[in-house]
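Remarks on the structure that follows.
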Amino acid sequence: MFILNGRLFADRVGKPTSRNLSVVDYVLSSANLMCKIKDFEVLDFCSLFSDIHSPLFLELNCEKVSLEETKSFSTNDTEHIGKWKHEKILEFKGNINTDEVDELFSRLLEKSENLDVVDQNCINVIVDDVTNILLKPAKKTFGVHVNMSKYENNNNNNKDWFNKDCIKSRQAYRKSLRLFKHYGSNVFKQRLRNSEKHYKKTMSDSIRLFNFDFRQKMKKLRTKNPREFWKLLNVKKKTVNNEIDLQSLFHFFKDMNENKDYEAKSEPNFDINHEESNDFLNKSLLLRSRMCVFS
């Protein structure tokens, strides 16, 4: 892994990212991704995004993917093997096919005697065989589950408080940002700061007004229209899909409450009709105390 700060493009010097004093925000990249990086820069501080941190700008070169291809990729079901459990290590070892291991070992010995015939394709085949030998017992031991991923194209704005005033303020802010990037003078820098403050204030006022109106609306619906009240209250809640059927749940708790290690033991036999004990308990407390002292 490599740190991009202070190494590439406009940030070769290493611009501070927090309070214009220190670098606390980094961008990490692998060696394979370095060739895809087109531009990197630490932008000027913007109060819209953070209170003390400066935004980081990173531009990558990548191939364009059409909407149909993205949809086809997203709708594929992904198969995942269950998490490793140390208590099942013996079961995992027992599920490994030893015949496949012996066959692979023989092939490796055969290839090691004549390395001239070993090429990249041969190595890939061996790696795939090793992977399959380990994946088969893992699936059998820890199970497999499928994540159903669906492509959702939702263009609706989920921020109900974002009204026309917010849209106008955002347009003014973006225009000031473009002018400052193009000209870079102090006049446009001051204009950008004023646009930031106005945009932030507009959003804060819009959120405050929306929350106030929503509370007033909920108070009225609570008594006049309870059905609509609960509908609005639960609009953000997700429906819970219980994949475990009731019968499996019943057997699970039934097996859990069964004490299989219990062994029937003989209970002590207490003679409740013992005459000496009854005579002793029926005597007065003072007499019993004297008997205990003298005994």
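The values are calculated or read from the model by the stated rules, or taken from the named source; none is laboratory data. The model shown is predicted, which means the values in this text are computed figures rather than measured ones. Cβ: placed from backbone, ideal geometry, glycine included. Neighbour counts: every protein chain shown.
Checking each residue in the stretch 89-132 for being closer than 17 Å to GLU79 by Cα and surrounded by 12 or more Cβ atoms within 10 Å (Cβ to Cβ) picks out only ASN132. Could you please find all residues in the stretch 159-171 being in a helix (DSSP H, G or I) and surrounded by 16 or more Cβ atoms within 10 Å (Cβ to Cβ)? Passing the criteria: CYS166, SER169, ARG170.
Annotation note: of ASN242, ASN273, ASN278, ASN194, the sole residue that is modelled with pLDDT under 65 and in a helix (DSSP H, G or I) is ASN278. Within 30 Å of VAL146 (Cα to Cα) and either modelled with pLDDT of 90 or more or surrounded by fewer than 11 Cβ atoms within 10 Å (Cβ to Cβ) (or both): does that describe ASN156? Yes.
Residue count for the stretch 207-227 under the criterion of being loosely packed, with under 10 Cβ neighbours inside 10 Å and in contact with a Phe, Trp or Tyr (Cβ under 6 Å, 6 or more places away or on another chain): the result is 0.
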